[in-house]
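All remarks here apply to the structure that follows.
The values are calculated or read from the model by the stated rules, or taken from the named source; none is laboratory data. Not measured: the values here are computed from a predicted model. Neighbour counts run over all protein chains shown; Cβ positions are idealised from the backbone, glycine included.
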Amino acid sequence: MGTEILLYGGLLLFAFSIMWTVYTIFSVNEDTKALSWATGDAPDKSDSPIINLSRPLVHQLTLKYAKRIKNPSFRKGIDYKILTAGLENELNTDEFIGLKILWGIVFPVMLLVINFSLSLGYPWPVFVVAIPLGWFIPDFHANKHKKNRYNSIIIDLPFFVDLLALSTQAGADFIGAIQKISDKAENSTLAKEFDKVLRDIRLGSTREQALKNMSYRLDIAEVTSFVNVLTDADSTGASIGDVLKEQSEQMRLERFVRAEKAGARASQAILIPMMLFIIPAVFIMVFAPVGLQFVYGGGN
């Protein structure tokens, strides 16, 4: 057992040392410009070490092949995935595709090396399945970010709408209310999106178009509903303050309903461990003495 642990540990260290050596070789003398995009901007550092370690390899090995993939629908889907995940300052489309190509090759190769090194005897379908798993590693990263953004926005949205309703009913204009609330919530994902709305308006977009752009970026049903209500109010000339107040009440009700559904799902999920662990333990405690008495007492 101890020998196997040492073998696994040594193999992992060996694999890590190879990756680090390759990373160092390809990133040596690699200035910011070499990893920048066509706009000349340097991408933000990712919170994923896999992305950070892979980026220089992508630029050296697979980016040129990623640029050759011209399928419009495929590239549009990647663009939208990056946008809705909030990764537009971290990855561009070519890098995302390059990561998919890189890990679609590297992941099965790493698994193959481990298989032969440790004589694990994996059948060949395992390595075939490893190819799409590696291909989808960037998608897993994007989906994780999108889920985190969704959770953050769903929590913040009712409070933002409440504050907007109070501000507009107190006499502030809608744009000024957004600016004030965004300034007070600097680290909020929703505040950053409202900042983009203000930026679009300053650049000449109408309020309706700027809000629809936010709805498109977020791809969240609650935000889309909120934007539709505001645009309908604009088109009909209704009071924004009254509309926001009604919307905040509706969102509070929806949040309460979601909490009730989550509680119901949790109570149902509890039944599984109860059936597997608690109820058998209770039966053992209750009937074990009876069974022992029956066995050793001859049934008397």
Exercise for the section: Kindly check whether there is at least one residue in segment 103-113 that is within 30 Å of residue 188 (Cβ to Cβ) and surrounded by 14 or more Cβ atoms within 10 Å (Cβ to Cβ). Expected result: no
Handout entry: Check on residue 116, in a helix (DSSP H, G or I), assigned by TED's automatic domain parsing to the domain that holds residue 93, free of Cβ contacts under 8 Å to residues at least 24 places away in the same chain and aromatic (Phe, Trp, Tyr)
Key = yes
Fill in the blank from the handout: Every listed condition ((1) modelled with pLDDT under 90; (2) closer than 30 Å to residue 192 by Cα) holds for residue 97 save (1)
Handout entry: Lone qualifier among 226, 277 - being modelled with pLDDT under 80 and hydrophobic (A, V, I, L, M, F, W, C)
Key = 277
Exercise for the section: Run down 188, 167 and say which single residue is touching an Asp or Glu at 6+ places or on another chain (Cβ under 6 Å), hydroxyl-bearing (Ser, Thr, Tyr), over 30 Å from residue 61 (Cβ atoms) and at pLDDT below 90. Expected result: 188
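Here is a yes/no grid of residues against (1) touching a Ser or Thr at 6+ places or on another chain (Cβ under 8 Å); (2) in contact (Cβ under 8 Å) with a residue 24 or more places away in the chain; (3) among the polar types (S, T, N, Q):
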residue: 50; (1), (2), (3): no, yes, no
residue: 61; (1), (2), (3): no, yes, no
residue: 67; (1), (2), (3): no, yes, no
residue: 71; (1), (2), (3): no, no, yes
residue: 74; (1), (2), (3): no, no, no
residue: 78; (1), (2), (3): yes, no, no
residue: 92; (1), (2), (3): no, yes, yes
residue: 106; (1), (2), (3): no, yes, no
Practice task
Test each condition in (1) touching a residue at least 40 places away in the same chain (Cβ under 8 Å); (2) of a type in the set (Val, Ile, Thr); (3) in the same structural domain as residue 203 (by TED's automatic domain parsing); (4) surrounded by fewer than 16 Cβ atoms within 10 Å (Cβ to Cβ) for residue 154 and report the one that comes out false.
Solution key: (4)
Exercise for the section: From the list 146, 100, pick out the single residue that is out of contact with any Leu (no Cβ under 8 Å at 6 or more places or on another chain), without any contact (Cβ under 8 Å) to a residue 60 or more places away in the chain, among the charged types (D, E, K, R) and within 30 Å of residue 56 (Cα to Cα). Expected result: 100
Exercise for the section: Determine whether segment 92-99 contains at least one residue that is outside any helix (DSSP H, G or I) and either crowded, with 18+ Cβ neighbours inside 10 Å or not aliphatic (A, V, I, L, M) (or both). Expected result: yes
Exercise for the section: Select the helices (runs of 4 or more DSSP H) contained entirely in segment 124-212, then report the ones holding at least 1 residues which are within 23 Å of residue 252 (Cα to Cα). Expected result: 137-169, 174-184, 189-202
Practice task
Go through the residues of segment 216-239 one by one and say whether even a single one is farther than 24 Å from residue 81 by Cβ, of a type in the set (Gly, Ala, Ser) and in a helix (DSSP H, G or I).
Solution key: yes
